[in-house]
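What follows is calculated from the coordinates using simple rules that are stated; it is not laboratory data. Values in this document were obtained by computation on a predicted structure and should not be read as measured data. Methodologically, a virtual Cβ is constructed for each residue, glycine included, from the backbone with ideal geometry; neighbour enumeration extends over all protein chains shown.
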Protein chains: 2
Amino acid sequence: MSGVHMRAGVEAVPEVLAEAGERPEDARTAAAVLAGASAVDLVGCGSSLFAAAVLGYAFDAAGLRSRVTEAYEYAGYPPPAGPADALIAISHTGRTPDVVAAARAAAAAGRPVIAITDDGASPLAAAAGYALVDERGMESALPKTRSYVSTLVRGLRLARELAALRGAAAPGLDALAEPAGHVGALLAAAWPQAADLADRWADAPRYVVVGAGPEHATALEGALKITEAASVYAVGWQIEEAAHGTWVSTRAGELAIVLAVGERDRDAVRRTLAGLRAIGAATWVIGDDEEALAAADAATRLPALPAPVMPLLTALPLYCFAHQLALGRGLDPDVMRQDEPRYREARTVMRRSISTAAN
Amino acid sequence: MSGVHMRAGVEAVPEVLAEAGERPEDARTAAAVLAGASAVDLVGCGSSLFAAAVLGYAFDAAGLRSRVTEAYEYAGYPPPAGPADALIAISHTGRTPDVVAAARAAAAAGRPVIAITDDGASPLAAAAGYALVDERGMESALPKTRSYVSTLVRGLRLARELAALRGAAAPGLDALAEPAGHVGALLAAAWPQAADLADRWADAPRYVVVGAGPEHATALEGALKITEAASVYAVGWQIEEAAHGTWVSTRAGELAIVLAVGERDRDAVRRTLAGLRAIGAATWVIGDDEEALAAADAATRLPALPAPVMPLLTALPLYCFAHQLALGRGLDPDVMRQDEPRYREARTVMRRSISTAAN
């Protein structure tokens, strides 16, 4: 059956979130590794890079100055770093070459290194001083979903423990348990809504996802999943950047998905939404801003939780939509078009990975 | 005449580059402000953000750990920063609200602040400890081009002086004068080639620009200008990220523009090019890699200069293409579709700026 693996990934999120409020020894052990760090670099590729972006905000809030860098760029242009500058290296498989290389180089330089991965037997886990591993292991679908949320949970838990160790405030991180209480109802409503929206906008020429702060990472992650699952043009925009030129590519009939979460970005959300609507884009608002929800063509209402933990929920309606859009377009969301020779060849040519045997 | 202002911006670049090799007092004065800095934040929006990204590499190379942040995000989530953490705030007009706010906040905290702007009478220049101003003033076209290159020149010159002050190597920055010797021939060839390419790919469903390192910033800048001038879908991809999912949105008939510059990214460039070609995208290679140039549907050969100064040239063929594509599609590249009510309304609703009077 088409899409069963991606759906299973999304359906595993409630189980992941149920563990988010706990205080297991591994987060505390990892926090101890970072206790004396003067700054932290976070690296990853793809969804792991977007997870790193969310976590960067949390480490800043914990008083540890972060820098988030795409792992290939980090390999080519490593920033000046002293022995007290920590590294958090993120890879679902633990085999993304540049992430593993970053961990090895930092460890060799005597820097504190934490890995976040779903394979405890991976080269990445071996290279790091401490690895936060999701014991559920790797996901079967090519578009990963559970892994993204699970990476956030492990990283946010680490940031929370670090803040406690360092005596920083890190407001909102104490609410890590709250999303679990909402995820069941959210997913129950999201699947049928996603099927409806995918049907309504099956032929949109483009899908834009707009967000600010940590929700900019959600926008990038949601757009990537829409592309991976449904093989369509989808892009994530930082909400203020939308006003600096990119919006000119907007056309009537495309779908703009706006993440309207929290107080800080209310004004930016509302003016972006108004601008895109003026051009004739269809709009879908996901969030807690009643005014924005009322103004949009489609609305997904989320609970108003503290900003740092909202990314644990905001990606989910986008995952459901990506999955349903693929099915509606006659594609299997699990395979990223690897059932077609051209796309299979493209992936084979472009993709690098470290094999287990070689390590 | 349509597009005369944007064309004038591009045509002013040789004059800007002719000054790049000089060692004026202002760069040395600004470098002295940064001499004791422990790290540097760079902020901007739109093209200024992409310029900040290029400059971040140069400051890292000068031994000063950089962090590049979109200015609206910086306003909402300022990273932990001590009094020795400098700020470089970039805005063409000197009136981008979040850039000005960042400069004011950092100055109030006693941090070293450098502004890069084209208006010496702007609120940004007033807020900064020292301003590097392009005395040519502001550009008339809505899509800025000269300003981007000029920002790079001023910022790279500052990084060069800082490296000298700190005794860092900063390889390649000593080649700042070299692009000036190539820009005349480059532009003379770029305009007719751009007209030809714009004609060939006038109806492509999307334009993708792919680059690595500082050329990722060029890719983002080039894609933005294509969108701003020609009102079409254009996106900039980091080259390794292309292999992590975004490529699945590629379709036969679209144009992928690949920046193939320097030794480090040769392998990534060639496999990305091969992958996109496998799917059926048309390809245009801009760079110095003969193998990549030979494999593409169109080729723009650039001189092989040191990586830090290449961004002074790589944007230019993209600027010419954006301009010609707009004309070919019957649009005025100067106005960002502000001659159409829907787009004018969208910009009015979305855009914020600080007026001179208020400051």
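Under a point-charge model restricted to the Cβ atoms of Lys and Arg (+1) and Asp and Glu (-1), what is the dipole moment magnitude of region A:4-175 relative to its Cα centre, in debye to the nearest 20?
Its charge dipole is roughly 240 debye.
Given contacts defined as C-alpha pairs under 8 Å and at least six residues apart, what's the relative contact order of region B:21-174, whole-number percent? Provide the component values of the computation, followed by the final result.
Numbers: 308 pairs, mean separation 43.1, N = 154.
Reported as a whole number, the value is 28 percent.
How far, in nm to one decimal, is B:M138 from itself in the other copies if the label point is set 7 angstrom along Cα toward Cβ? Shortest first, please.
Taking the point 7 Å beyond Cα along Cα→Cβ, the inter-copy spacings are 5.4 nm.
Near the amide H of A:V68, under 5 Å away, which other amide H atoms are found, from residues 5 or more places off or on another chain, if H is placed in the peptide plane?
HN-HN under 5 Å from A:V68: A:L42.
Give me the net charge for the shell around B:G46: Cβ to Cβ below 12 angstrom, other residues only, Lys and Arg +1, Asp and Glu -1.
Working: positive: B:K144, B:K225, B:R351; negative: A:E240, A:E241, B:E70, B:D98, B:E221, B:E228.
It works out to a net charge of -3.
Beyond 21 Å, what share of the Cα-Cα pairs of region B:151-225 is found? Please give it as a whole percent.
Result: 49 percent of Cα pairs exceed 21 Å.
Can you list the copy-to-copy distances for B:D339, using a point 7 angstrom from Cα toward Cβ, in nanometres, shortest first?
4.8
Given R₀ = 51 Å, what would the calculated FRET efficiency be for B:R23 paired with A:A8, taking r from the Cβ atoms and rounding to 0.05?
Given R0 = 51 Å and the Cβ-Cβ separation, E is 0.25.
Taking the Cα centre of chain A as origin, work out the dipole magnitude from +1 charges on Lys and Arg Cβ and -1 charges on Asp and Glu Cβ, in debye rounded to 20.
640
Just to confirm the filter: which GluC sites (Glu not before Pro) across region B:110-186 are DSSP coil and have at most 12 other Cβ within 10 angstrom of their Cβ? Let's see the in-between values first.
Working: sites: B:E135, B:E139, B:E161; in loops: B:E135, B:E139.
Filter output for region B:110-186: B:E135.
Count the net charge of all other residues whose Cβ sits under 14 Å from the Cβ of B:A102, scoring Lys and Arg as +1 and Asp and Glu as -1.
Working: positive: B:R67, B:R95, B:R104, B:R111; negative: A:E240, B:D41, B:E70, B:E73, B:D85, B:D98.
Its environment carries a net charge of -2.
State the antiparallel share, in %, of DSSP beta bridges confined to region B:180-328, rounding to the nearest 5.
Given both bridge residues lie in region B:180-328, the antiparallel proportion sits at roughly 0 percent.
Take every Cα pair under 8 Å in region B:180-328 that's 6+ residues apart, average their separations, divide by the length, and report that relative contact order as a whole percent.
31
With each run of n ≥ 4 DSSP H residues scored as -39500 (n - 2.57), what mean residue ellipticity at 222 nm is computed for the protein assembly as shown after dividing by its residue count and rounding to the nearest 500 deg cm²/dmol? Could you put the intermediate results ahead of the total?
On the way: 29 runs with 342 residues, N = 718.
That comes out to -14500 deg cm²/dmol.
For a quick check, take a GNM of chain B with Cα springs below 10 Å and name the residue from B:L158, B:L276, B:L255 with the largest mean-square fluctuation.
The residue that fluctuates most here is B:L276.
Can you sort A:S140, B:S47 so the residue with the fewest Cβ neighbours within 10 Å comes first?
With the sparsest Cβ surroundings first, the list reads A:S140, B:S47.
Could you name the aspartates and glutamates whose alpha carbon sits less than 17 Å from that of B:K144, not counting residues in the same chain fewer than 8 places away?
Straight-distance partners of B:K144: A:E241, B:E11, B:E15, B:D118, B:D119, B:D134, B:E135, B:E221, B:E228, B:D332, B:D334.
Kirkwood Rh and Cα-based Rg: tell me the resulting Rg over Rh for region A:24-75, rounded to two decimals.
Across region A:24-75, the Cα-based Rg/Rh ratio is 1.00.
Distances in nm, one decimal, shortest first, from B:P83 to the same residue in every other copy, taking the label point 7 angstrom along Cα→Cβ.
Computed spacing set for this position: 2.9 nm.
On the first, second and third principal axes, largest extent first, how far apart are the outermost C-alpha atoms of region A:4-175 in Å?
46, 35, 23
Looking at region B:278-347, which trypsin sites (Lys or Arg not before Pro) are DSSP coil and have at most 16 other C-beta atoms within 10 Å of their C-beta?
Sparse-neighbourhood loop trypsin sites (Lys or Arg not before Pro): B:R329.
For B:64-71, what's the mean count of beta carbons from other chains sitting within 10 Å of each residue's beta carbon?
5
Taking the radius of gyration and the Kirkwood hydrodynamic radius from Cα positions alone, what is the Rg/Rh ratio for region B:194-272, to two decimal places? Numbers along the way, then the final one.
Values: Rg = 12.3 Å, Rh = 12.8 Å.
Taking Rh as the inverse mean 1/r over Cα pairs, Rg/Rh reads 0.96.
Lys and Arg at +1, Asp and Glu at -1: add these up for the other residues within a Cβ distance under 9 Å of B:P306 and post the number.
Here the charged neighbours net out to -2.
Report the Stokes-Einstein translational diffusion coefficient (µm² s⁻¹, integer) for chain A, Rh taken as the Kirkwood radius over Cα pairs, at 10 °C with viscosity 1.306 mPa s.
In µm²/s, the coefficient is 77.
If you average the sequence gap of Cα pairs under 8 Å that are 6 or more apart and divide by the length of chain B, what percent do you get for the contact order?
20
Using DSSP to define loop residues, name the GluC sites (Glu not before Pro) in region A:1-39 whose beta-carbon has at most 16 other beta-carbon atoms within 10 Å.
A:E19, A:E22
If you take the C-alpha gyration tensor of region B:180-328, multiply each eigenvalue by 5 and take the square root, what semi-axes do you get, largest first, in whole Å? Don't skip to the answer; put the middle values down first.
Values: eigenvalues 79, 73, 36 Å².
Those come to 20, 19, 13 Å.
Going by C-beta contacts inside 10 Å, put A:Y233, B:Y130 in order with the fewest on the left.
B:Y130, A:Y233
To one decimal place, what Kirkwood hydrodynamic radius in Å is obtained for region A:64-162 from all pairs of distinct Cα atoms?
It works out to 13.7 Å.
Quick one: Kirkwood hydrodynamic radius for the protein assembly as shown, alpha-carbon pairs, angstrom, one decimal?
Result for the protein assembly as shown, one decimal place: 25.4 Å.
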